[in-house]
Amino acid sequence: MKLNSATDFSFRFLIYASVHGNRLVTVAEVAEAYGLSHHHLSKICKTLIKEGILEAKRGRDGGVKLAMAPEEIGLSRIIQIMEPDPALVNCTGGIGGQCKILPACKLKGVLAEARRAFFEVLDKYTLADLVAEPAIAKKLVALLGED
């Protein structure tokens, strides 16, 4: 399963916000740190705010920060928010319309099982698991050019 860029950038944004604790961070700051599109990150940030993952403060000294503890932000939840259709194959539409062998095919069930397993693994991890160790957090901050 390949995740889309919105999911990738969401994780990067959340890692950045997490290692900066309660400090407000800006989209421009995160975009510069990772060398990503400000416009794309802005859209992602709005989605994460709408979903209650980030909270925003407007104004001159504004920015965003995590709306909850990193331990409460499950990795699978982020993927489910950012992936519009996480199905591995589209048996009922797409190119060529509905697949002709759908009534007898077992592939859809096998792939659905694989997808469930994928999310079961991700359900075991939170944002905190990505940044919890002080050495990891320090290295992340250094790699983002802030050490």
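The values are calculated or read from the model by the stated rules, or taken from the named source; none is laboratory data. These numbers come from a predicted model, not from an experiment. Counting neighbours? That spans all protein chains shown, and the Cβs are built from the backbone with ideal geometry, glycine included. The protein model used for the area step is the full one, side chains on, heavy atoms only, and it has no ligands, DNA or RNA in it. Shrake-Rupley method; radii C 1.70, N 1.55, O 1.52, S 1.80 Å.
How long are the three semi-axes of the equivalent ellipsoid of the stretch 1-73, in whole Å, if each is the root of 5 times an eigenvalue of the C-alpha gyration tensor, listed from largest down?
Equivalent ellipsoid of the stretch 1-73: 18, 15, 11 Å, largest first.
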For residue 139, the lysines lying under 25 Å Cα to Cα, once residues fewer than eight places off in the same chain are dropped, come out as 65, 124
Measuring from its Cα centre, the chain shows a charge dipole (+1 at each Lys and Arg Cβ, -1 at each Asp and Glu Cβ) which, in debye to the nearest 20, is 480 debye
For residue 126, the residues 5 or more places away or on another chain with a placed amide H closer than 5 Å to its own amide H are 75
1/(1 + (r/R0)^6) with r = Cβ-Cβ of residue 67 and residue 95, R0 = 35 Å, i.e. FRET efficiency to nearest 0.05, evaluates to 0.35
Expressed as a percent, the accessible surface of the chain that is carbon or sulfur, using a 1.4 Å probe and the full set of protein chains, is 55 percent
For 107, 143, 36, 14, the accessible-area ranking with a 1.4 Å probe, largest leading, is 143, 107, 36, 14
Result for the stretch 36-147: accessible area per residue, probe 1.4 angstrom, in square angstrom, of 68 Å²
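Run the numbers for residue 129 and residue 102: contour at 0.36 nm per residue of separation, minus the present Cα-Cα distance, in nm.
My answer for the length gained is 5.7 nm.
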Computed ³J(HN,Hα) along the stretch 35-45: with the Karplus parameters 6.51/-1.76/1.60, θ = phi - 60°, integer Hz and x for glycine or proline, the list is x, 10, 5, 4, 4, 5, 5, 4, 5, 5, 4
Cα-based Debye curve of the stretch 43-147 sampled at q = 0.19, 0.20, 0.22 Å⁻¹ gives log₁₀ I(q)/I(0) of -1.07, -1.13, -1.22
